[in-house]
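Values in this text are rule-based calculations from the coordinates and carry no lab data. Owing to the predicted nature of the structure, the values given are computational and were not obtained by experimental measurement. Backbone-built Cβ (ideal geometry, glycine too); neighbour counts: all protein chains shown.
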Amino acid sequence: MSHAGQVAMVTGGGRNLGRCIALRLAQEGFDLALLGPDLQELETTAQEIAAMGRRCRLGEVDFLAPDTVATAIQSVCRQLDQIDVLVNNAGIAGPTATIQNTTRAEWDATLAINLSGAFLCCQAVVEEMIERQSGKIINISSMAGKIGFALRAPYAASKWGLIGLSMTLAKELASANIQVNAICPGPIEGSRQDEVIRDRAAQTGQSEDAVRTNILESMALGRMVPPDDIASMVAYLASAAGNNITGQAIDVAAGYAL
């Protein structure tokens, strides 16, 4: 199905999973608005999107400076007229540490970027979605938002919060025909997962290979999740096929923690 003329906004769209999601939505026919702290990364993704014949506009944001979020979204909305789909993907891994060794600054930064950033983006786009009586919001949570994750308190708390935000907004916005869902990936292949493995190995005294093996053994399918699989779920929820799915926290996790 063509999404010509529709606009998707992806936060953290310049790298890793966000880039993958943005490119998949462009392939599906969406024009894109990309938000993130690094314009150079965003511009690289934007060039790939433009090569597909899609419009792409960029907004530089610092989720630790909330005023930049509304300003950036207002700017891209003026250029693209409307936001049909919001994908709140921006996030950081936060510290890998025991609670007593986690600083307040680390806690605050993780919650600000992973949870408050999504809240601010939702707040900035819903009024226009309500006026049009149409819209979709997709929040990238995590399996860490469903089960306990030792040594990852700030990250897990932020991802549990995203699921709560998604379910609440699904109820709040249903009368305006706006669907809100969360996607809960398991461990995703890529550089960020490699970083998490290194940090956990350092904290626990295990080798990186041992940490990786433990993760894979916790996944029923015995493999990590390719980012393309998450992008495919985003594309599904963003399409008309997802019109009657709302208030869900959908696992794409290779059977993690079954």
Inset, instruction - Quick one: which helices (runs of 4 or more DSSP H) lie wholly within the stretch 61-167 and hold at least 1 residues that are under 23 Å from I245 (Cβ atoms)? - result: 117-132
Inset, instruction - Tell me which residues, restricted to the stretch 209-258, are acidic (D, E) and either touching a strand residue (DSSP E or B) at 6+ places or on another chain (Cβ under 9 Å) or touching a residue at least 40 places away in the same chain (Cβ under 8 Å) (or both). - result: D228, D229, D251
Inset, instruction - Answer with yes or no whether I183 is outside any helix (DSSP H, G or I), touching a Phe, Trp or Tyr at 6+ places or on another chain (Cβ under 9 Å), under 20 Å from I138 (Cα atoms) and in contact (Cβ under 8 Å) with a residue 12 or more places away in the chain. - result: no
Inset, instruction - Of the conditions (1) free of Cβ contacts under 8 Å to residues at least 24 places away in the same chain; (2) charged (D, E, K, R); (3) surrounded by 21 or more Cβ atoms within 10 Å (Cβ to Cβ), D108 clears all except one; give me its number. - result: (3)
Inset, instruction - Check G12, G94 and return the single one that is touching a Gly at 6+ places or on another chain (Cβ under 9 Å), under 26 Å from C184 (Cα atoms), in contact (Cβ under 8 Å) with a residue 40 or more places away in the chain and not acidic (D, E). - result: G12
Legend entry - Residue in the stretch 165-180 that is polar (S, T, N, Q), touching a Lys or Arg at 6+ places or on another chain (Cβ under 7 Å) and in contact (Cβ under 8 Å) with a residue 12 or more places away in the chain present: yes
Inset, instruction - State which residue is nearest to the chain's Cα centre (by Cα) when the search covers only the stretch 127-143 and only residues that are without any contact (Cβ under 8 Å) to a residue 60 or more places away in the chain and surrounded by 22 or more Cβ atoms within 10 Å (Cβ to Cβ). - result: N139
Legend entry - Subset of the stretch 228-258 (residues that are surrounded by 15 or more Cβ atoms within 10 Å (Cβ to Cβ), in a loop (DSSP other than H, G, I, E, B) and of a type outside the set (S, T, N, Q)): I245, G247, A253, A254
